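This report concerns only the one structure given below.
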Amino acid sequence: MAQRHPHEGRPSLLAQLLETRALFEAASIPYALPLLMHAPMGDGHPVLLLPGFMGSEGTLIALETYLHNRGYAVQTWGLGRNVGFRPGHASAIESKIRYLHHESGRKVSLVGWSLGGVFALYGAHQCPQDVRCVVTLGSPVTVDASGSAAPPLVKALYRLIAHPMGAAAHSMQPRAKSLRDRAALPVPVSCLYSLSDGVVPPQEATIDGDPARHENIRVWGSHVGLGFNPLVLQIVADRLAQPEDDWRPYAPSGVAGLLHRALTHEAVPI
């Protein structure tokens with residue numbers, strides 16, 4: 001079984017303070033171009049990118065540019081700034097997925113960063129026949145009944161901008177409740193998460209599920225920098241390049257695989 005990370009509690013104070021690492025992650029992209037150019041090319045199918053909380057299309061520039069270079073028909077959500085899981089935005093995402101599928105004649109891959117990953121899962125639940133796969137980046141995809149373990153500052157910001165009652169008000173919506181039913185989601189899902197994420201703890205950014213179509217991929221980096229992290233970009237490209245009818249879990253290989261294992265302290269097979 002694909003299993004949630006066993007971490008408990010909120011992100012450490014050190015992880016929260018080190019979210020400024022995102023600047024260095026973004027600055028490392030030019031130096032990582034030789035590595036990024038070795039990622040597999042895509043087959044031209046549509047990819048819909050969804051920003052995180054308080055993010056707009058501008059925050060997706062690295063993902064959009066890179067995936068376009070890899071040969072995908074990349075689209076962003078077109079709804080401006082993400083200000084919470086709102087019914088209007090959820091309906092618009094569903095409509096856009098159906099439109100992209102109808103226009104291209106091909107299934108759509110969804111890539112969501114942070115709260116954008118929640119929108120991606122919702123879209124896949126609503127129209128699984130139109131979705132090829134889902135990739136989430138540090139997204140709160142599994143929140144316990146006791147509530148989120150996100151840092152108090154993040155919760156306060158959500159209450160201020162999205163809803164006075166916080167994320168709980170949106171997670172109890174009928175639209176959001178369907179996200180808890182993993183068995184009803186027959187499309188592959190790859191959840192990328194970081195142990196040093198200062199915003200979304202690893203137990204909330206990972207899922208339990210069928211290993212034939214669900215996986216949790218540990219990466220190194222900050223939450224704010226996930227959309228600019230070169231190794232994350234390479235993994236996203238690898239996941240999107242999986243054949244539509246022959247999806248397989250991520251298997252790090254080559255130089256990118258060595259870096260992935262070294263940075264996440266995963267054992268290197270002999």
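The values are calculated or read from the model by the stated rules, or taken from the named source; none is laboratory data. Note that the structure is predicted; figures quoted are calculated from it, not measured. Don't worry about glycine lacking a Cβ; one is built from the backbone with ideal geometry, like all the others, and counts go over all protein chains shown.
Can you name the condition, by its number, that Arg21 falls short on among (1) more than 24 Å from Leu153 (Cα to Cα); (2) surrounded by fewer than 21 Cβ atoms within 10 Å (Cβ to Cβ); (3) of a type outside the set (Gly, Ala, Ser); (4) touching a Ser or Thr at 6+ places or on another chain (Cβ under 6 Å)?
Every condition holds for Arg21 apart from (1).
Could you list, ordered by first residue, the pairs with Cβ atoms under 8 Å in which the first is in region 30-59 and in a helix (DSSP H, G or I) and the second is of a type in the set (Phe, Trp, Tyr) and crowded, with 20+ Cβ neighbours inside 10 Å, at least 6 apart or interchain?
Pairs found: Leu36/Tyr66; Glu57/Trp77; Thr59/Trp113.
Glu204 passes all but one of (1) part of a loop (DSSP other than H, G, I, E, B); (2) touching an Asp or Glu at 6+ places or on another chain (Cβ under 6 Å); which number fails?
For Glu204, the exception is condition (2).
Hey, can you tell me all the residues within region 210-234 that are assigned to a loop (DSSP other than H, G, I, E, B), touching a strand residue (DSSP E or B) at 6+ places or on another chain (Cβ under 8 Å) and not small (Gly, Ala, Ser)?
Scanning region 210-234 gives Asp210, Pro211, Arg213, Trp220, His223, Asn229.
If only one of Arg86, Arg106, Arg98 is of a type in the set (D, E, K, R) and out of contact with any His (no Cβ under 8 Å at 6 or more places or on another chain), which one is it?
Being of a type in the set (D, E, K, R) and out of contact with any His (no Cβ under 8 Å at 6 or more places or on another chain) holds for just one of Arg86, Arg106, Arg98, which is Arg98.
Of everything in region 188-220 that's surrounded by 24 or more Cβ atoms within 10 Å (Cβ to Cβ) and small (Gly, Ala, Ser), which residue is nearest to Leu110 (Cα to Cα)?
Ranking the qualifying residues of region 188-220, first place goes to Ser190.
Can you list residue pairs whose Cβ atoms sit under 6 Å apart, with the first residue in region 89-107 being closer than 10 Å to Gly123 by Cβ and the second being assigned to a helix (DSSP H, G or I) and among the basic types (Lys, Arg)? Count only pairs 6 or more apart in sequence or on different chains.
Filtered contacts from region 89-107: Ala90/Arg175.
What is the residue count in region 60-84 for residues that are touching a Lys or Arg at 6+ places or on another chain (Cβ under 8 Å) and in a loop (DSSP other than H, G, I, E, B)?
The number of residues fulfilling the criteria is 2.
I'd like the full set of residues that are touching an Asp or Glu at 6+ places or on another chain (Cβ under 7 Å) and crowded, with 20+ Cβ neighbours inside 10 Å, limited to region 122-140.
Result: Gly123, Arg132, Gly138, Pro140.
Answer with yes or no whether Ala256 is in contact with a helix residue (DSSP H, G or I) (Cβ under 6 Å, 6 or more places away or on another chain) and at pLDDT below 90.
Yes, satisfied.
I'd like to know if region 54-69 contains one or more residues that are over 19 Å from the mean Cα position of the chain (by Cα) and surrounded by 18 or more Cβ atoms within 10 Å (Cβ to Cβ).
Scanning region 54-69 turns up no residue that is over 19 Å from the mean Cα position of the chain (by Cα) and surrounded by 18 or more Cβ atoms within 10 Å (Cβ to Cβ).
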